[in-house]
1. Let me know the Kirkwood hydrodynamic radius for the chain, please, with Cα pairs as the basis and the value in Å to one decimal.
2. HN-Hα J couplings of the stretch 117-133 from phi, Karplus 6.51/-1.76/1.60, θ = phi - 60°, integer Hz, Gly and Pro as x?
3. List the lysines whose alpha-carbon lies under 24 Å from that of LYS6, not counting same-chain residues fewer than 8 positions away?
4. Per DSSP H run of n ≥ 4, the term is -39500 (n - 2.57); total these for the chain, divide by its residue number, and report the mean residue ellipticity at 222 nm rounded to 500 deg cm²/dmol.
5. Please compute, over every Cα-Cα pair in the stretch 52-110, the percentage with a separation greater than 18 angstrom.
6. For the stretch 29-43, what does the Karplus curve 6.51 cos²θ - 1.76 cosθ + 1.60, with θ = phi - 60°, yield as ³J(HN,Hα) per residue in whole Hz, taken in order and with x for Gly and Pro?
7. Kindly identify the stretch 1-62 as rounded, prolate or oblate by the Cα gyration tensor criterion: order the square roots of the eigenvalues as a ≥ b ≥ c, call it rounded if a/c is under 1.5, otherwise compare a/b with b/c, prolate if a/b is larger, else oblate.
8. Can you compute the charge dipole magnitude of the stretch 5-133 about its Cα centre, using +1 on each Lys and Arg Cβ and -1 on each Asp and Glu Cβ, nothing else charged? Give it in debye, rounded to the nearest 20.
Amino acid sequence: MAEELKSIWIVDDDLIARLLIKKRLEKESFSHTIIEFENGQEAFNAYLNRGAKTEEPELILLDLNMPVMDGWTFLDSIAKRTTASDSLPSVAILTSSIDQEDRDQAKDYPNVISFLKKPLDLNVLKEDLKRWKS
């Protein structure tokens, strides 16, 4: 990747998945800061307090199926809390879901740049990021 991202958030209830994703991102020097959250509620709370306690995410890798707050509710919640002066963070959905309805629903969110199946394929993510930035 030509330039590393400043901050990536990994939002996934699976500890092993988070560890594997983080190691892969670190190995590729993909981001300066990688922050992990167990569920959408933790990430949403951090999103509300970004700047004060947590760095603004340049990209969020978001699982869909999580307890407490799932990925869809997280996406809806940040969209409702984002003002006109803010911009929504870029989100790559990273899921084990093979449901076409999930893929279709993801298209309803303008900040979802990618719909990736687990395990994370960094090459596909890099291509999606290039398209998004151009």
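Readers should treat all values here as calculations from the given coordinates under stated rules, not as data from a laboratory. Quick caveat, the model's predicted, so the values are computed rather than measured. All Cβ positions, glycine included, derive from the backbone under ideal geometry; neighbour counts span all protein chains shown.
1. Working: mean 1/r = 0.0674 Å⁻¹.
So the Kirkwood estimate lands at 14.8 Å.
2. For the stretch 117-133, the Karplus curve yields 8, 6, x, 4, 9, 5, 5, 5, 4, 4, 5, 5, 5, 4, 4, 5, 6 Hz.
3. Correct list for LYS6: LYS22, LYS23, LYS27, LYS53, LYS117, LYS118, LYS126, LYS130, LYS133.
4. On the way: 5 runs with 52 residues, N = 134.
Result for the chain: -11500 deg cm²/dmol, rounded to the nearest 500.
5. Working: 622 of 1711 pairs.
Taking all Cα-Cα pairs of the stretch 52-110, the fraction more than 18 Å apart is 36 percent.
6. Those phi angles translate into 6, 7, 8, 6, 10, 10, 10, 10, 9, 7, 7, x, 5, 4, 5 Hz.
7. Values: a/c = 2.62, a/b = 1.20, b/c = 2.18.
Oblate, because a/c is 1.5 or more while a/b does not exceed b/c.
8. Numbers: 18 positive and 23 negative charges, 109 e Å.
Dipole about the Cα centre, nearest 20: 520 debye.
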